Structures are given as C-alpha cells and as structure tokens.
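Encoded as structure tokens, the structure appears first; notes follow it.
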Amino acid sequence: MKKYEVMYIIKESVEAEKRAELIETLSAIITNNGGKVVKTDEWGMRDFAYEIDDMTKGYYVVTSFEADNDAVKEFDRLMRINPSVVRFLVTRDEAPVQEAKK
C-alpha cells in the first residue's frame, strides 16, 4: 500500500453534526476498500482566497491514509459526486529523498 494525503473542503452550510458524519463516511470509503486511515486533521472554517460557486468560506479537512490504487480511484470517484464537498486534492506522500554522500 502507498501513502496518500487528501485535503478537502466541506460546504459552509453543512451543520456540525452532518459534517462529522460526512468526515466519518469519507474515511470509511478508504477503510471499506482495504485502506487504512492514519490521521485526520480538521483545520476548521476558513475563508477562501477567491469565491467558489458563490461561497466565500469552507470547512477544511486533511486526512493521511494508506491504500492501493483501486481504493484511491473509488475515493476519488465518490468525492467528485458528493454535493457537500467543494474541492479536494489527493496527493501521494513520497518518502523523503536522502542526500548524496560527499
């Protein structure tokens, strides 16, 4: 399994209880497809740098996880069709590059 990190923004209009359920549901997509959630960091409500679909704020969440390609593809597919998610970005967490010996 490879290491990944996803940052996503939930619409400001989603209530706190529903937002907590949504975060759990999105993490479950990873675990239900054989992955493992390492850490979920909620950054909270933040202003956007620019307006997105008439919105100026969103709730930011960063999740680190380990999964195979199929789990990441399914997660990506379900994030795209979720109406409560404004934007998201999945990145692969590469191992640090070691310095060459002198």
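The values are calculated or read from the model by the stated rules, or taken from the named source; none is laboratory data. Everything numeric here is computed off the predicted structure, so don't read it as measured data. All Cβ positions, glycine included, derive from the backbone under ideal geometry; neighbour counts span all protein chains shown.
Cβ contacts < 7 Å: first residue within 16 Å of Thr25 (Cβ to Cβ), restricted to segment 77-96; second residue of a type in the set (Val, Ile, Thr) and not in a strand (DSSP E or B), any location; separation 6+ or different chain. Result?
Going by the 7 Å Cβ cut-off, the qualifying pairs are Leu78/Ile29; Ser84/Val14.
Considering only residues that are within 11 Å of the chain's Cα centre (by Cα) and within 23 Å of Met55 (Cα to Cα), which ones fall in segment 68-85?
Once the filter is applied, which keeps residues that are within 11 Å of the chain's Cα centre (by Cα) and within 23 Å of Met55 (Cα to Cα), segment 68-85 yields Asp76, Met79, Val85.
I'd like the residue in segment 29-55 that is in contact with a strand residue (DSSP E or B) (Cβ under 9 Å, 6 or more places away or on another chain) and of a type in the set (A, V, I, L, M) and, out of all such residues, is surrounded by the most Cβ atoms within 10 Å (Cβ to Cβ).
Ile30
Out of everything in segment 74-102 that is farther than 30 Å from Lys18 by Cα and not basic (Lys, Arg), what residue ends up being modelled with the highest pLDDT?
Glu94
What do you reckon, is Val61 surrounded by 12 or more Cβ atoms within 10 Å (Cβ to Cβ) and modelled with pLDDT of 95 or more?
So Val61 fits the description; yes.
State whether the residues of segment 15-27 include one that is more than 15 Å from Val85 (Cβ to Cβ), surrounded by 12 or more Cβ atoms within 10 Å (Cβ to Cβ) and charged (D, E, K, R).
No, the conditions are met nowhere in segment 15-27.
Counting residues that are of a type in the set (Lys, Arg), which strands (runs of 3 or more DSSP E) fully inside segment 1-96 reach at least 3? Walk me through it before giving the result.
Working: elements: 2-11, 36-52, 55-67, 85-92.
By residue number, 2-11, 36-52.
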